[in-house]
Amino acid sequence: MKETYVSGIIGLSMGTFHLDAVIENGAKIGAICDVNEETLKKIGDKYNIPDERRFTDWKELMKIDELDIIHIVTPDQLHREMAEASLAAGKHVLCEKPIALKREDISAIVKAAESADKKFMVGQVMKLNPSKAKLIELAESGVLGDLYFVESEYAHDYATILNGWRADPLRHGVIGGGCHAVDLLRHLAGDPLEVFAYGSHKLLPTVDYNDATIAVLKFRNGVMGKVFISTGCKRPYTSRTLIYGTKGTAIWDDSDPENIYLHTVDEGGVYLKKPSEIVKVSAKHHNITREYEILLDHIKNDTPVKMSAREGAKTAAVCFAIIESSMTGKPVTPDYEF
């Protein structure tokens, strides 16, 4: 087993989070890449990356044998080619979410990832921030009883950042950002059997797709779900989540960014009007340090990746179904075959 793993980061807009994660996990930054030369110089200087390890062409970065892990932190439209090339070059891969925007690209990535002898992780990082991790722990501990309703939302005003790759008609808000909320509910309740959605378009005139969507999800075992996604909302970013069970309810609202309100029943089964517990937990939306730590653990111990290419594909499948339902006005069964 190697003592120190070496990472190459492609894309430096969000890539600085990945650079910090590498350092905080005691790994090594082997190379960086960005098409913007000014950004490349600024970040390279900040992190003391040698000039010969700075690239504007990601294919040149791939030629460095020393690299163990490639971080794909680029526009979603570029993921397929980079993922296939990274795996073909014998590298482990950490690919930002969503895995891709087209079913054919997702299928190709899944095939490449499952055919390779390297680890491939999709960066569905929302469920790794401390609040979401605690919500998952509460749900899985049984303290809430049997789940019967789960709800999450992704509300993020894209008005000032809607340009370039984000303006691509394929990057519907449901998959581009809403995949976070969908992925969390899949983790809590499993794969939805059916979705039904409505959408509206009132806030982002420069895009053709709905900028607000609400979807109802039907899971197994009588569990219901709801997802609300707005990429034009006039409010601070939020990823509020509610979990309802037969013995209690957990409420996380970003307006109170350090608390989870846990409501349970007393010994007689009577609902307590005040929270039975207020769980102090911080909100760190992009906990990439933990994400990278998990990937390193999978690599070192050769364990199956939970946030795998196929899991990323299933989340995308639900997003595709929500978009289709909002356009047709009919229930849609997600297609999980990739």
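The values are calculated or read from the model by the stated rules, or taken from the named source; none is laboratory data. Predicted, not measured: the structure shown is a model, and the values here were computed from it. Note that each Cβ is placed from the backbone with ideal geometry, even for glycine, and that neighbours are counted across all protein chains shown. Note: areas computed on protein heavy atoms with side chains; ligands, DNA, RNA excluded. Shrake-Rupley method; radii C 1.70, N 1.55, O 1.52, S 1.80 Å.
Couple of notes before you dig in:
- Test: residue in segment 304-312 that is surrounded by 12 or more Cβ atoms within 10 Å (Cβ to Cβ) and touching a Phe, Trp or Tyr at 6+ places or on another chain (Cβ under 6 Å): yes
- Residues located in segment 1-19, provided they are surrounded by fewer than 19 Cβ atoms within 10 Å (Cβ to Cβ) and more than 18 Å from the chain's Cα centre (by Cα): Met1, Lys2, Glu3, Thr4, Val6
- Members of segment 47-76 that are in a loop (DSSP other than H, G, I, E, B) and either in contact (Cβ under 8 Å) with a residue 60 or more places away in the chain or among the charged types (D, E, K, R) (or both): Asp57, Lys63, Asp65, Glu66, Leu67, Asp68, Val73, Thr74, Pro75
- Residue satisfying condition, being surrounded by 13 or more Cβ atoms within 10 Å (Cβ to Cβ) and farther than 15 Å from Tyr148 by Cβ, within set Phe219, Phe228: Phe228
- Residue in segment 162-169 that is among the basic types (Lys, Arg), more than 24 Å from Leu242 (Cα to Cα) and open to solvent by 40 Å² or more (accessible area, probe 1.4 Å) present: yes
- Sole exception among (1) over 26 Å from Asp297 (Cβ atoms); (2) in a helix (DSSP H, G or I) for Ser13, by number: (2)
- Unique match (being within 27 Å of Gly312 (Cα to Cα), among the basic types (Lys, Arg) and over 20 Å from the mean Cα position of the chain (by Cα)) among Lys46, Lys59: Lys59
- Annotation for segment 135-152: at least one member residue is more than 30 Å from Glu38 (Cβ to Cβ), surrounded by 23 or more Cβ atoms within 10 Å (Cβ to Cβ) and hydroxyl-bearing (Ser, Thr, Tyr).
- Of all residues in segment 25-35, those that are part of a loop (DSSP other than H, G, I, E, B) and more than 17 Å from Met82 (Cβ to Cβ) total 3.
- No other residue among Lys314, Lys300 is of a type in the set (Lys, Arg), touching a residue at least 12 places away in the same chain (Cβ under 8 Å) and in contact with a helix residue (DSSP H, G or I) (Cβ under 7 Å, 6 or more places away or on another chain) apart from Lys314.
- Going through (1) modelled with pLDDT of 95 or more; (2) open to solvent by less than 20 Å² (accessible area, probe 1.4 Å) one by one, Val125 falls short only on (1).
- Test: residue in segment 240-248 that is under 21 Å from Pro130 (Cα atoms), assigned to a loop (DSSP other than H, G, I, E, B), at pLDDT below 95 and open to solvent by less than 60 Å² (accessible area, probe 1.4 Å): yes
- Gly199 in contact with a helix residue (DSSP H, G or I) (Cβ under 8 Å, 6 or more places away or on another chain), in contact (Cβ under 8 Å) with a residue 12 or more places away in the chain, within 19 Å of Ser152 (Cβ to Cβ) and open to solvent by 30 Å² or more (accessible area, probe 1.4 Å): yes
- Residue count for segment 180-223, restricted to those that are assigned to a loop (DSSP other than H, G, I, E, B) and of a type outside the set (Val, Ile, Thr): 14
- For segment 261-278, the set of residues classified as part of a strand (DSSP E or B) and touching a Ser or Thr at 6+ places or on another chain (Cβ under 9 Å) consists of Tyr261, Leu262, His263, Thr264, Val265, Tyr271, Glu277, listed by residue number.
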